[in-house]
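The values are calculated or read from the model by the stated rules, or taken from the named source; none is laboratory data. Just so we're clear, the structure is a prediction, and the values are computed from it rather than from any experiment. Cβ coordinates were reconstructed from backbone atoms using ideal geometry, including for glycine residues, and neighbour counts include every protein chain displayed.
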Amino acid sequence: MKKYNLHILTLLLAFIGYMPVHAQQERNRLIIQSYLRGWEYSLKAGFSIGGTSPIPLPAEIRHIDSYKPGGVAFSIEGNSTRWFDEKKKWGFTIGLRLESKTMKTEATVKNYNMKIINTNGGELTGLWTGGVYTKVDNSYLTVPLLANYRISNRWKLVLGPYLSYMIDGDFSGHVYEGHLRTPGATGSRVDFSGESIATYDFSNDLRKFQWGLQFGGEWRAFKHLNVYADLTWGLNDIFQKDFDTITFSMYPIYLNVGFGYSF
């Protein structure tokens, strides 16, 4: 009988000890579930169109003769959104995006500061008047930090800064049908006409770290499928601070459109 009572007492003590442990585990599980319910994860893929340009256009650029996107510029992004209320009206998004920003332009310029590579391989610096062809093809790893505001069950707006690190950059081109005054406006004149061109390459002068603002919207087409459009506007010059060949700042301005899948 005593042995039986001892077993009962042991089981009772074990049960009493198990109750707070089990209760704590249950509370932890509920806390984790409640925390995760406030998060939303998504994958996005799209393409960008836009250009890298001074704002406003300086007097040296007399006319934009042509513009092309420069090829298909893809973007791939994964992000997490933390909603602050049960109705998911306000939230914050952080993500990681691999993207490219490209363009090709031709412009007519006058007294445009330029450093060109002559046909003999030497460099000439001076003021260029004539045609300029420019190719930009840059790849970035970008972190968007965005505030979310949900207008309705299907629509939401996002706004916030982004930080970019350039992993590959190309800013190059050539000049044609014009002349270069070197070293200045009253210097000797070098003419280029017909098939004669001179190239330039400022890729090594591009800034590695860039930042700007992103504004966009997203429409939920189905339960998990979204359609989005984001405008990114760079706020610092794409060139390094000590680069003085191009005398005005240039900013990347691109529209990114694509699809997203929310988990």
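Please indicate, with yes or no, whether at least one residue in the range 62-85 is in a strand (DSSP E or B), touching a residue at least 60 places away in the same chain (Cβ under 8 Å) and touching a Leu at 6+ places or on another chain (Cβ under 6 Å).
So far as the range 62-85 goes, no, none of its residues is in a strand (DSSP E or B), touching a residue at least 60 places away in the same chain (Cβ under 8 Å) and touching a Leu at 6+ places or on another chain (Cβ under 6 Å).
This table checks each residue for (1) modelled with pLDDT of 95 or more; (2) on the phi > 0 side of the Ramachandran plot; (3) of a type in the set (A, V, I, L, M).
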{"position": "T125", "(1), (2), (3)": "no, no, no"}
{"position": "G131", "(1), (2), (3)": "yes, no, no"}
{"position": "T134", "(1), (2), (3)": "yes, no, no"}
{"position": "T142", "(1), (2), (3)": "yes, no, no"}
{"position": "Y149", "(1), (2), (3)": "yes, no, no"}
{"position": "V158", "(1), (2), (3)": "yes, no, yes"}
{"position": "L163", "(1), (2), (3)": "yes, no, yes"}
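For D244, work out the one condition from (1) of a type outside the set (K, R); (2) farther than 15 Å from Y140 by Cα; (3) at pLDDT 95 or above; (4) surrounded by fewer than 18 Cβ atoms within 10 Å (Cβ to Cβ) it doesn't fulfil.
(3) is the only condition that D244 fails.
I'd like to verify a number: residues in the range 68-79 that are over 17 Å from D137 (Cβ atoms) and surrounded by 15 or more Cβ atoms within 10 Å (Cβ to Cβ), how many?
Selection size over the range 68-79: 2.
Search the range 233-246 for residues that are in contact (Cβ under 8 Å) with a residue 24 or more places away in the chain and of a type in the set (G, A, S) and pair each with any residue that is surrounded by 15 or more Cβ atoms within 10 Å (Cβ to Cβ) and in a loop (DSSP other than H, G, I, E, B) when their beta-carbon atoms are under 9 Å apart and the residues are at least 6 apart or on different chains.
G234/M250
Restricting to the range 202-220, what's the tally of residues that are in contact (Cβ under 8 Å) with a residue 24 or more places away in the chain and either over 21 Å from A147 (Cβ atoms) or out of contact with any Gly (no Cβ under 9 Å at 6 or more places or on another chain) (or both)?
Final tally of qualifying residues: 11.
Of all residues in the range 150-181 being surrounded by 14 or more Cβ atoms within 10 Å (Cβ to Cβ) and hydroxyl-bearing (S, T, Y), which is nearest to G194 (Cα to Cα)?
Y176
Any chance the range 141-154 includes a residue that's without any contact (Cβ under 8 Å) to a residue 40 or more places away in the chain and either part of a strand (DSSP E or B) or more than 21 Å from V227 (Cβ to Cβ) (or both)?
no
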